[in-house]
Every structure is written in structure tokens, then in C-alpha cells.
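Values quoted throughout were computed directly from the atomic coordinates according to the rules given, and no laboratory measurement underlies them. If you're wondering where the values come from, they're calculated on a predicted model, not measured in any experiment. Every residue, glycine as well, gets a Cβ built from its backbone with ideal geometry; the counts of neighbours run over all protein chains shown.
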Amino acid sequence: MTEPVNVLVAVAWPYASGSRHIGHLAGAYLPADIFARQQRLVGNRVLMVSGSDVHGTPITVRAEAEGVSPQDIVDRYHSQILEQWDRLGMSWDLYTTTGTDNHARVTQDMFLAQLENGFIDRRVSEQFYDPEVERFLPDRYIEGECPHCGYGDARGDQCDNCGKTLDPIELIHPRSKLSGATPERRQTEHFYYRYSDFTDRLRSYLDSKTDWRPHVVNFAKGWLEDEGLQDRAITRDIDWGIDIPVDDLGPGKKIYVWYDAVIGYLSASKEWAAGDRNPSGDPQKWRDWWENRDSRHVYFIGKDNIPFHALFWPAQLMGAGDLHLPDSIPANQYVTFKGGKASASRGIGLTIADALEIFEPDALRFALAAALPEHADTEVSVEEIGRRINEELVATWGNLVNRVLSMVYKNCDGRIPGTSGHHTEDLELLATVDAAFDAGAAQFAQVELKAGLRTAMKAAQATNGYLNATEPWKLQKTDAERAAQVLHTALSAINGVRVLLAPYLPFTSERLDSVLGAPTGWRRDPLAAGTPIAKPTPLFAKVELEGAE
RNA sequence: GGCGACGUAGCUCAGCUGGUGAGAGUGCUCGACUCAUAAUCGAGAGGUCGUGGGUUCGAGUCCCACCGUCGCUACCA
């Protein structure tokens, strides 16, 4: 085997406002968890981090609408998200929030380093201001009449009716979404990050990423094509956010979300190192991932997040010092429902909570993993998820385990039989399963998780075929010794397949530990003959889908 | 408007740097089997690879145009 590598599995930070839907799950969280689990089995040192993004205008607006504090909103959704991760089997090394003191400190340190290095400066600009609620307004909080189509409720950034991109200045009869007041223009001073200084470095950085998915690298390069990256303000007139570590601008200003959110990958790594979950106890352990050229950083995000992770975040890292840049950003496309992008706020598709009401966690993970939008938008529906579970997961894998365990239980005194040698067909089956580990490892290295699942399922199908060919239920009557050999072989194959599937199906794979023992790595372990087995029960129940959805 | 991705069997999708008769899963038909959650295994039917041009000895795979779908368009993150 190759030397263990330090792998950072960095997962997009969900916004702690509103419910997550299964598009988010299939887009980022589930593939991250599958990948992380497989990498741990391979023997790599995995650090999988993420957390809830607690800053941003929408949270403050929602808080005001409900008459509670932003922290109340954050607490509500963060705990809801945590509970769902638990039910889904997400194997975080740390899932934190951007609301910690640690995150504020790391963000401020990075800000100061970039300021010191000359990549942050101050500029004055004009912004829209709502005099009634005394707050500066993001573009999309200004509404008015669209100058192109006359639609009355166009937002300041875009008209939902004709789809044209707008500048709030263009709106006819602009009004604040918060109060309805007519916005005023006021001057305000902010810190800007000089992203434009990094255009050339980013260009060669992206040019070196020849193995990235085409849609990711093309999209990122598209931003650099013309005049390169633009500098962006990284502070805001807002009172909910991280304090600016220098007081040059006066009160009422904070660091803005999208500058600090990506820093969460680093701050969470430091929080992990300093905490109880770091087995080494060394608070400097984060350096093994961030200050190590041989580590590998893989970012799991949806395609809407590509600019932030392929451009802005690398530029921030470059400006802060010698920290490890993203090695791979296997951004997924979208899961669609009836042709539309999943969106919890628009009521399209299923929320994670809805899905967990209908499907058991492993079955849901299986169905979504089989439909990951790795290369193109992928259509899913409740019926399709149910079909995948019943026709593929239950029929091929669940039934295989059940039929073999049932025969072993009945015919072998309830214990794993030993074996007195193998026939050619036995060895062929085991060789097929073992070969799947090599094929699967190659697919995981490319983060082709859908293909990895197919590889595992093919091994399961080969085992079903082996049973139909050898017919141990007949041998039992004529040649019990050979029947035991066959069952031993089939169970050994299952022992391999369950490891191949373990990244996808953590709960049910673990249920087999009592019979097969815990996996020791990305391989098929030998069986422990004589291990008693209980009367088998199916790993998965079929889903009953009544009528049309 | 600009940019990007996608458009391949009924359905959901693979097809890498162009090269023997276009694939998988599922569904459908037929057959085998009955240990197993009416599950399994085998065989078969089923496709103008969006449309029209072009490059090439040869294109699903490269180029152009068009049609359709989706997304992004920098103050949602």
C-alpha cells in the first residue's frame, strides 16, 4: 500500500437559516461523507470539517421579523442541522459554526496578515441606505419597477420576471424591502480585498488543474477571462458579524460573511486540533494539513459555490501566507425535481427532514449516491428514490445478504462454516470481488462516487450469479461439504462487498460487524470460521409508495 | 444580452485524449431456479447518439450554426 496521506475533506458551510433540502445533501454533504469514509478505510488521515454559517443579512432580517435575536435564529437551525447530520450518519471530525471565538480570532489574524502584506486597503463608495430602519441595504433588498419589462417587484440585483441583471440605480421607484421607504444614497468607507492582485497567480493555478471536472475549471477561468478578478469590499455596515481587528472605520461595521465563511475551513481545523477530538492532543496538529505540501485538500460544494472556492478563497490563502491551496474541487451540479432546481424556499423538492420521514438513512444515502449530479444536473423524485431502493438496493444487495445468511443459519449450525479448499469458480468469484477494490480505489481517487457504487453493486451481482450457478440449496442434500464451501465463499464475497459499500451504507454495514467483524481496511478480510450468527433479519425494508406523489 | 454545462435506449445515466457491429442499471418479453424481502440468474427486443452543415480514410466523440433545457452573470452566500 502507499504511504498514508493527510486528506482535508472540506465541505460547504450551510447557512443557518432555513431548512436544507436533498439537493444540498446530494450536492455536497453526502459525497463528502462517502469520500471521507473511504479515505479512512484506505488508511489516509482524514480531517473532515464544516459548520453552520451564522452571519449575513438574511439571518438578521429574519430575526427582526420574528422579534428575536440573530443568535436565536442561529441556535434553532444549527441544532436542527446537527440532528440531521446525526441521523444521516455524517462522520464529521468537527462540525462547528462561524460564531465561535476561535473563528473570529482566525479570521482577524488572517485579515491582519493580509493587511500587513498590502492586499487590503480602504475605499469609499456609495451605497443605498434605508433611513427608516437605519441600515445599508444589499442590492437584493431593494425592490422597484424593472426598467426593462416594467415588472413591479424586481429586485435590485435581478428581475425575476425578465431575468435581466440589474443595478439598483436602474430601478424605477425604488423602495426598501425592509420598510418600503425610499432608499437614499450615502457614502460609506470599507476595507477591500485586492483580488485583482491575484489574477495572474490564479490563472496559472487553474491552468495546473488539468484533472478537474470541465465545468468547474471552465467556469472559474471564465471569471478571469476579461479584466480578471475585481477587488471586493470585505466589510459591511452591519452589526451582526465579526469585528474588524482595526478601528480605522469607526463603529457599526463588521467583516462580511463571504470573506469569513471560507476561512471556516482553516478555523475549524484549528478548533479541531485544540479540542478533545484530536487524538494526538497537539494543538498544532492542523499544520499537518495546512502547512504540508503533501497533504491533499478536497472541497465538496455545489456548482453555485465555484467562484468562492476556486478563486476568492485561493486568493485569500495566497495573500495570507504559505497555506495549502485546494487540490480538488469536485463541485457537483444540481439535483432537479420535475426539471427545476431544488429549492427549499420555493418549495421545490424534498427537504432533508421530509426525506428522512419517508426513507431510512442508508437507503436514502444509496438512492442519492446512485444519482449524484457529478457531471450533469440529475433528475430525481420520490418515486425514483423509492424505485432505486426497492429494485436495486433491496433486490441485489439486501436480498443477497439475507439469502446467504439464511442458508448459513439453517444449514451450518448457525455458525460461519470453515472451508476445506476452493474450487476454481470459488476463486474466480473472490478474485472478482478483490479486483473491485482496485477499481473502486481508482474511482474514489477521481471522486467518481457514482461509479464507485456501481463497482460495488457489480460485485454483489457476481455473487448472486455464483449462487445461482453453484446452487448450494441443492448441494446441501447431496454434498454437504461442498455446500459449506460454497456458503463460505459467498459469505467471504459478501464480506468484501460490505466494505465496498461501507462508505455509502454506514449503518447497515456496521450491522454486519457482529457476524463478519469490523473491517480492517479497504480490503476483503478473511472470515472467522465458527462465529455464531443470529437468525438473520433483512438489512433493508422495501419502501411502500402509495399512489402518485 | 454575455458566459458555461447539458441534450445518447420508455426512465435515470456512462461513454477518457476521434477507430472493430453504440453501453450500464431499471422497465419490458422469454427461459432457468426456488436458498432468499414475488427476491436471483441467463437470453432477447428496444436508440436518425437534439437538428443542419463542416473537418477527416473514419465522429456520439473535433469545428460552426440553429433549436431546447438548466445554471451563473461578481451586494444571496
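Across chain A, the mean sequence separation of Cα contacts (distance under 8 Å, 6 or more residues apart), normalised by length, yields a relative contact order of 17 percent. Computed as a quarter of the hull surface, the mean projected area of the alpha carbon convex hull for chain A stands at 28.4 nm².
The alpha carbon centroids of segment A:75-92 and segment A:362-429 are separated by 28 Å.
Determine the sum of side-chain charges near residue A:135: Lys and Arg each +1, Asp and Glu each -1, restricted to other residues whose C-beta is under 13 angstrom from that of residue A:135. Summing Lys/Arg as +1 and Asp/Glu as -1 gives -2. What the Cα atoms of segment A:140-222 give is an Rg and a Dmax of 18.7, 51 Å.
When you restrict to C-alpha pairs under 8 Å that are six or more residues apart and normalise by the size of segment A:397-549, the relative contact order lands at 37 percent. A simple rule links phi to the HN-Hα coupling: the Karplus curve 6.51 cos²θ - 1.76 cosθ + 1.60 with θ = phi - 60°, which for segment A:514-522 gives 5, 9, 9, x, 6, x, 9, x, 7 Hz, with x for Gly and Pro. Distant-in-sequence amide contacts of residue A:379, defined by a placed amide H-H separation under 5 Å and a gap of 5 or more residues or a different chain, comprise A:336. Judged by a Cβ-Cβ distance under 4.7 Å, the unpaired cysteines of chain A are A:412. Pairs exceeding a 26 Å alpha-carbon distance, out of A:477/A:535; A:458/A:542; A:164/A:450; A:177/A:253; A:221/A:253: A:164/A:450; A:221/A:253. Summing Lys and Arg as +1 and Asp and Glu as -1 over all other residues whose Cβ lies under 11 Å from the Cβ of residue A:115 gives a net charge of -2. Exposed loop sites were defined as trypsin sites (Lys or Arg not before Pro) in DSSP loop states (anything but H, G, I, E or B) carrying at most 12 other C-beta atoms within 10 Å; in chain A the longest segment without such a site runs A:1-276. Sequentially through segment A:170-183, phi angles give Karplus couplings (6.51, -1.76, 1.60; θ = phi - 60°) of 6, 4, 8, 6, x, 9, 6, 5, 7, 10, x, 5, 6, x Hz, Gly and Pro residues having no value and appearing as x. For residue A:533, the residues 5 or more places off, or on other chains, whose built amide H falls under 5 Å of its own are A:415, A:416. log₁₀ I(q)/I(0) of segment A:100-196 at q = 0.15 Å⁻¹, via Debye over equal Cα point scatterers, no solvent, to two decimals? Normalising to I(0) and taking log10 leaves -0.73. Computed from backbone phi, the HN-Hα couplings of segment A:292-305 come to 9, 5, 8, 6, 10, 10, 10, 9, 9, 8, x, 5, 5, 9 Hz, rounded to whole numbers (Karplus: 6.51 cos²θ - 1.76 cosθ + 1.60, θ = phi - 60°; Gly and Pro given as x). When only Cα pairs below 8 angstrom with a gap of at least 6 residues are kept, segment A:153-223 shows a relative contact order of 13 percent. For residue A:499, neighbours were defined as the other residues whose beta-carbon sits under 9 Å from its Cβ, and their charges (Lys and Arg +1, Asp and Glu -1) total +2. Using all pairs of distinct alpha-carbon atoms, the Kirkwood hydrodynamic radius of segment A:381-516 works out to 15.5 angstrom. Of the GluC sites (Glu not before Pro) found in segment A:225-292, those that fall in a DSSP loop while having at most 14 other beta-carbon atoms within 10 Å are A:225, A:227, A:291. Think of segment A:402-549 as a dipole: +1 on every Lys or Arg Cβ, -1 on every Asp or Glu Cβ, centred on the Cα centre; then among A:465, A:539, A:441, A:539 lies furthest on the positive end. For residue A:545, the amide hydrogen comes within under 5 Å of no other amide hydrogen, counting only partners 5 or more places away or on other chains and with H modelled in the peptide plane. Give me the percent of Cα-Cα pairs in segment A:375-451 that sit more than 21 Å apart, rounded to a whole number. That fraction is 57 percent. Once Rh is set to the Kirkwood radius over Cα pairs, what Stokes-Einstein translational diffusion coefficient, in µm²/s, holds for segment A:6-119 at a temperature of 20 °C and a viscosity of 1.002 mPa s? Estimated via Stokes-Einstein, D reaches 137 µm²/s.
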